[in-house]
Amino acid sequence: MPRLPSALRLAPLVLAALCAAQGVHAQNPAVAPTPAQVSPEVDKAFAQLMASPTIQKLLDAVKADHERSVEDLKMLTEIEAPPFKEHKRAEAFLARMKALGLTHAKIDAEGNVVGLRKGTGNGPKLLISAHLDTVFPAGTDVKVKERDGRLYAPGIADDTRGLAVLLSWIKVLNDHKIQTVGDLMIVGNVGEEELGNLRGMKAIFRDHLDIDGMVGLEPSAPGSVLILGTASHRYEVTFQGPGGHSFGAFGQVPSAIHGMGRAIAKIADIRTPSFPKTTFTVGTVGGGTSVNTIAPDARMAIDIRSDDMASLLDTEKKILTAIDEAVVEENKRWNVTTLSASNKLIGDRPGGRTPPDSVIVEAATRSNAAFGHKTLLRGGSTDANVPISLGIPAIIVGGGGKASGFHSLSESIDVTDAWKGAQNSLVTVLGLVGVQGVNPPLLSKRTARTK
């Protein structure tokens with residue numbers, strides 16, 4: 001395996017070329033320059049790891065376990081896991097955890113599978129995770145099909161590949177009796193997709209106040225490290241009025257749909273900053289009873305996102321004000337007060353940023369370089385949003401494989417040499433928690449939070 005020079009350098013001018021080389025799409029540009037160099041402490045720890053015969057044997061074991069791991073991937077993929085209905089997959093994942101030697105594991109009250117691989121003591125506790133749920137509804141055909149060197153099935157990459165990698169890590173760490181200094185909290189969590197609202201990860205950090213950091217696995221290009229959590233709020237807005245006959249009641253009652261239309265027009269005119277990127281959309285609409293009825297009800301769902309919480313809240317305020325103004329205007333149009341609107345927060349994803357110069361980011365950067373990859377720091381909305389919002393260092397990295405078609409029925413992954421990504425991310429983890437007799441932990445223990 002190639003050795004990393006003591007200093008890592010990536011000129012800012014190279015970032016654009018790097019994005020193209022790694023297949024990074026426009027929605028995932030670099031959110032910060034790659035660290036120009038890592039600290040001597042980080043560099044030394046990874047030099048020790050990569051020079052260790054024990055670790056080299058462990059990485060060879062990851063490669064050797066690849067074919068078996070792919071069978072785990074197929075098995076888990078074919079157990080459907082729609083949002084809020086992840087239990088069957090959770091049970092299967094738990095059973096595999098225990099079969100591979102992680103006996104200290106269970107399904108918690110929220111539905112997360114939570115296992116603990118204890119370290120030697122006095123080290124940090126690192127959460128390593130992948131999410132159980134997929135975006136696909138119950139009844140979706142999740143049978144894995146193979147053609148042209150790729151595996152096709154809804155959810156096979158996002159994020160079932162991550163689950164299979166966690167299982168492989170459990171196996172090789174146990175088979176080779178690797179004793180980490182820090183504890184590894186290994187989690188298959190629920191609620192990452194759609195209106196799951198990060199409920200699984202919120203429960204983890206609510207119930208476990210001593211977690212010192214998080215490394216999550218998601219489909220990612222080699223070298224990609226997510227450090228920014230895009231925050232979002234989602235609202236369901238309901239308009240209600242008395243309704244009436246389209247001819248007989250005309251002029252006497254307001255229309256819920258017309259009121260909603262006024263609101264949508266006002267929302268569409270709201271301007272948001274391009275930096276920090278802040279967005280909104282009225283994603284779904286509905287209402288009314290018939291073509292010849294003045295609508296007594298209407299409803300819409302709104303998604304608001306931003307890389308900055310203050311910008312998110314400012315846009316949210318403008319949107320809610322626009323709805324109130326639209327109701328007033330529709331009532332005034334008919335000189336009535338019978339139309340009203342109510343809103344319900346149906347999605348709340350906190351956000352924030354892990355500093356690029358933090359040890360967890362430097363560790364991932366150093367590990368990437370050891371495997372010949374230049375690091376791209378990116379953002380998105382993932383399970384890492386929760387710890388990041390709490391000030392706990394967290395990143396998302398890849399587990400290997402070339403994935404495409406996320407959230408579509410044609411989702412697929414090419415697992416050729418996917419073990420390389422599993423090796424890379426495992427070395428990042430081992431650098432952070434430390435390995436007895438090889439390297440000390442880089443991740444610091446934090447003072448336990450209070451509820």
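The values are calculated or read from the model by the stated rules, or taken from the named source; none is laboratory data. On a predicted model such as this, the values are computed, not experimentally measured, just so you know. So basically every Cβ, Gly included, is an ideal-geometry build from the backbone, and we count neighbours across all protein chains shown. Protein only, heavy atoms only, side chains kept; ligands, DNA and RNA dropped before computing areas. Shrake-Rupley method; radii C 1.70, N 1.55, O 1.52, S 1.80 Å.
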* Could you check, for the stretch 407-415, whether at least one of its residues is at pLDDT 95 or above, more than 24 Å from residue 144 (Cα to Cα), of a type in the set (Val, Ile, Thr) and in contact with a strand residue (DSSP E or B) (Cβ under 7 Å, 6 or more places away or on another chain)? => no
* Give just the number: which of (1) surrounded by fewer than 24 Cβ atoms within 10 Å (Cβ to Cβ); (2) within 28 Å of residue 30 (Cβ to Cβ); (3) in contact with a helix residue (DSSP H, G or I) (Cβ under 6 Å, 6 or more places away or on another chain) does residue 267 not satisfy? => (2)
* If you take the residues in the stretch 97-109 that are in contact with a helix residue (DSSP H, G or I) (Cβ under 8 Å, 6 or more places away or on another chain) and open to solvent by 60 Å² or more (accessible area, probe 1.4 Å), which one is farthest from residue 203 (Cα to Cα)? -> 106
* Asked: Which of (1) farther than 24 Å from residue 317 by Cα; (2) in contact with a strand residue (DSSP E or B) (Cβ under 7 Å, 6 or more places away or on another chain); (3) surrounded by 18 or more Cβ atoms within 10 Å (Cβ to Cβ) does residue 300 not meet, given it meets every other one?
  -> (1)
* Count, please, the residues in the stretch 219-241 that happen to be in a loop (DSSP other than H, G, I, E, B) and open to solvent by 10 Å² or more (accessible area, probe 1.4 Å). => 6
* To do: Output yes when any residue across the stretch 195-206 is in a helix (DSSP H, G or I), among the charged types (D, E, K, R), farther than 30 Å from residue 52 by Cα and open to solvent by less than 20 Å² (accessible area, probe 1.4 Å), and no when none is.
  => no
* Asked: If you check every pair at least six apart or on different chains, which have Cβ atoms under 6 Å apart with a residue in the stretch 218-240 that is among the basic types (Lys, Arg) first and a residue that is open to solvent by 20 Å² or more (accessible area, probe 1.4 Å) second?
  -> 234/303; 234/346
* In the set 244, 216, which member is open to solvent by less than 30 Å² (accessible area, probe 1.4 Å) and either over 30 Å from residue 386 (Cβ atoms) or modelled with pLDDT under 95 (or both)? -> 244
* Structure fact -> Checked 170, 128, 178, 186 against criteria (in a loop (DSSP other than H, G, I, E, B) and open to solvent by less than 10 Å² (accessible area, probe 1.4 Å)); the one match is 178
* **Long-range neighbours under 6 Å by Cβ, at least six apart or interchain, first residue on the phi > 0 side of the Ramachandran plot within the stretch 187-216, second basic (Lys, Arg)** => 191/199; 198/349
* State whether the residues of the stretch 146-156 include one that is assigned to a helix (DSSP H, G or I), touching a residue at least 60 places away in the same chain (Cβ under 8 Å) and surrounded by 23 or more Cβ atoms within 10 Å (Cβ to Cβ). => yes
* Every pair of residues 6+ apart whose Cβ atoms lie under 6 Å, when the first sits in the stretch 266-292 and is farther than 18 Å from residue 313 by Cβ while the second is in a helix (DSSP H, G or I) and open to solvent by 60 Å² or more (accessible area, probe 1.4 Å) -> 287/257; 288/257
* Condition met for residue 195 (modelled with pLDDT under 95 and touching a Lys or Arg at 6+ places or on another chain (Cβ under 8 Å)) -> yes
